[in-house]
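Enquirer: Please read through the structure below; I'll follow up with questions.
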Amino acid sequence: MRVLGIETSCDETGVAVYDTAPGGGLLADALYSQVAMHAEYGGVVPELASRDHTRKLLPLVEQVLADADMARGELDGIAYTAGPGLVGALMVGAATAHGMARALNIPVLGVHHMEGHLLAPMLEDEAPAFPFVALLVSGGHTQLVAVKGLGEYRLLGESVDDAAGEAFDKTAKMLRLPYPGGPHVAKLAEQGDPGRFRFPRPMTDRPGLDFSFSGLKTHTLTAIRKLDDAGELTSRGRADIARAFEDAVVDTMVIKCRRALDDTGLKRLVVAGGVSANVRLREGLDQACAKRRAGVFYPRGRFCTDNGAMIAYVGARRLETGERDVTGQMQATPRWPLEQLSAPDYAGTKAES
C-alpha cells in the first residue's frame, strides 16, 4: 500500500508517503514548524496552531506527492493523527484526511500519535526487532513501555506529574531562554560546570519505573533564586544550573531504562520523542546498554520531533491489515492512553522467536 500520512497534533504540520511494497519504504516527507510563530507567546497558542495547519496542510500534501512522483489517484490509503493532541489541530488533519479519502474512494485511518513516535525507529535501515522496551520522552509524555508487537503494549512506568520535555521548557523560562526550551537548555548546559551543583534524581531511591520531574523543577527554581539573591546569576551561573538540571534528568531516565531492561529481561531499547535528540541522554543510554550487551535504537534527528513519516508508517501497517475508520466518522481524541490500542491480526508484527 502507498499511504499518505498527516500529522497535525500540535505545532508542526507533517506529511509523508510510505510504501509497504518490498523496496518501497518512505517515498517522500515534508515538515512545516510553527515554532517561530509561537515563540512570541512563549508556548503553543492552540487557535493559532489550528489556523496555521489549515493554511499549510494542502500545499504540503501537493509538495510531498510531487516529491514522490505520484498523483493523488495513486494513493491506496490515508492515515492521520487522531490523538492525543490539541483538539482543533487534530480536527484539521482528520477533516482533510477524510475529505481526500472520500473523494478518492480509498480507506482512511486515524492513528495514535505516540504509537507513531514509538515506531519511528522502524523507518531506519537498522530497525529494531520485536520485542523491546521503549522510552517515549517528549513535551507531553514520559513513558516506559514493553512492546511485544504492533499494538501490543504494556505500560511499565510514566511521569506522575510533569513530562521531561515539559520540565525542560519550564526550566528554560526560569533561565529566560527562548521557546522551545529543551534545545536551548541543552546548549547552555554545554558551557556549565558539572561539579558545581548536584540536583536530586527524583524517584530513583525507591522501586518502580515511574518518573516525577515536578520536584526537580522546584529545586531548580530555588537554586536560581539563591544565585540571584547572592548576585551570582551570571551567564556562568545560569550555565551551571542548566548543566545540573540536564544531568539530573538524563541520569534519572538512564537509571529507569536500566531497571526496565533488567525487569523485563529484554535486550533492545527504543528511544523516541523530541527529547530523544538530547546528546547527553543518548550518550548515557548508549553506555548503559553497552554494559548490558543490549541494543539501543533511535530515530534520525528529524524524526525525533513530530513528523508525517511516523504516521504514514503506522497507518500503512494498520491499513494493510484491514483497519480503517467508519466512513464519515472522523477521530479527534485529545486524551488517548497508549495502552488502549490493540494488536491487528497481522503475522508480520509478531515478536521474533
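Enquirer: Considering only residues that are under 13 Å from residue 336 (Cβ atoms) and either open to solvent by 50 Å² or more (accessible area, probe 1.4 Å) or free of Cβ contacts under 8 Å to residues at least 40 places away in the same chain (or both), which ones fall in the range 87-104?
Expert: 87, the sole residue that qualifies.
Enquirer: Here's a follow-up. Give the residues of the range 243-285 that are of a type in the set (Val, Ile, Thr) and within 15 Å of the chain's Cα centre (by Cα), sorted by residue number.
Expert: Scanning the range 243-285 gives 270, 271, 275.
Enquirer: Another question, if that's okay. So if I check each of 72, 51, which one is surrounded by fewer than 20 Cβ atoms within 10 Å (Cβ to Cβ) and either over 20 Å from residue 309 (Cβ atoms) or free of Cβ contacts under 8 Å to residues at least 12 places away in the same chain (or both)?
Expert: 51
Enquirer: Follow-up. Quick one: count up the residues across the range 281-329 that are under 26 Å from residue 59 (Cβ atoms) and among the aliphatic types (A, V, I, L, M).
Expert: Selection size over the range 281-329: 7.
Enquirer: For the range 1-30, what are the residues that are open to solvent by less than 30 Å² (accessible area, probe 1.4 Å) and in contact with a Phe, Trp or Tyr (Cβ under 6 Å, 6 or more places away or on another chain)?
Expert: 3, 6, 13, 18
Enquirer: Sticking with this one: Mind telling me which of the residues 220, 234, 264, 252 ends up being open to solvent by 20 Å² or more (accessible area, probe 1.4 Å), hydroxyl-bearing (Ser, Thr, Tyr) and more than 15 Å from residue 133 (Cα to Cα)?
Expert: 234
Enquirer: A follow-up question, please. Give 80, 41 a once-over and let me know the one that is hydroxyl-bearing (Ser, Thr, Tyr) and either within 18 Å of the chain's Cα centre (by Cα) or buried (at least 22 other Cβ atoms within 10 Å of the Cβ) (or both). I'd like the intermediate steps shown before the answer.
Expert: On the way: 41 fails: either within 18 Å of the chain's Cα centre (by Cα) or buried (at least 22 other Cβ atoms within 10 Å of the Cβ) (or both).
Only one candidate qualifies: 80.
Enquirer: Moving on to the next point. Out of 280, 302, which single residue is under 29 Å from residue 4 (Cα atoms), in a helix (DSSP H, G or I) and open to solvent by 40 Å² or more (accessible area, probe 1.4 Å)?
Expert: Details: 280 fails: under 29 Å from residue 4 (Cα atoms).
Answer to the selection: 302.
Enquirer: Where in the range 111-214 are there strands (runs of 3 or more DSSP E), lying fully within it, with 3 or more residues that are modelled with pLDDT of 95 or more, crowded, with 19+ Cβ neighbours inside 10 Å and among the hydrophobic types (A, V, I, L, M, F, W, C)?
Expert: 132-137, 142-149
Enquirer: Separate question: What's the total number of residues in the range 1-45 that are farther than 19 Å from residue 91 by Cβ and part of a loop (DSSP other than H, G, I, E, B)?
Expert: 10
Residue by residue, here is whether (1) of a type in the set (Asp, Glu); (2) assigned to a helix (DSSP H, G or I); (3) modelled with pLDDT of 95 or more; (4) within 25 Å of residue 14 (Cβ to Cβ) holds:
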site: 244; (1), (2), (3), (4): no, yes, yes, no
site: 249; (1), (2), (3), (4): no, yes, yes, no
site: 256; (1), (2), (3), (4): no, yes, yes, no
site: 290; (1), (2), (3), (4): no, yes, yes, no
site: 310; (1), (2), (3), (4): no, yes, yes, yes
site: 339; (1), (2), (3), (4): yes, yes, no, yes
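Enquirer: Right, something else. Pull out all pairs, ordered by first then second residue, where Cβ-Cβ is under 8 Å, the residues are six or more apart or on different chains, the first lies in the range 229-254 and is without any contact (Cβ under 8 Å) to a residue 40 or more places away in the chain and over 15 Å from residue 194 (Cβ atoms), and the second is in a loop (DSSP other than H, G, I, E, B) and open to solvent by less than 10 Å² (accessible area, probe 1.4 Å).
Expert: If the second residue must be in a loop (DSSP other than H, G, I, E, B) and open to solvent by less than 10 Å² (accessible area, probe 1.4 Å), no pairs are left.
Enquirer: Determine which single condition residue 30 fails, assuming it passes every other condition in (1) free of Cβ contacts under 8 Å to residues at least 60 places away in the same chain; (2) touching a Gly at 6+ places or on another chain (Cβ under 8 Å); (3) of a type in the set (Gly, Ala, Ser).
Expert: It fails just one condition, (1).
Enquirer: Still on this structure, I have one more. Would you call residue 226 basic (Lys, Arg), open to solvent by 30 Å² or more (accessible area, probe 1.4 Å) and over 23 Å from residue 214 (Cα atoms)?
Expert: no
Enquirer: Give the number of residues within the range 268-277 that are open to solvent by 10 Å² or more (accessible area, probe 1.4 Å) and either touching a Lys or Arg at 6+ places or on another chain (Cβ under 7 Å) or assigned to a helix (DSSP H, G or I) (or both).
Expert: 3
The values are calculated or read from the model by the stated rules, or taken from the named source; none is laboratory data. Everything numeric here is computed off the predicted structure, so don't read it as measured data. We place every Cβ from the backbone using ideal geometry, glycine too, and count neighbours over all the protein chains shown. SASA here: full protein model, heavy atoms, side chains in, ligands and nucleic acids out. Shrake-Rupley method; radii C 1.70, N 1.55, O 1.52, S 1.80 Å.
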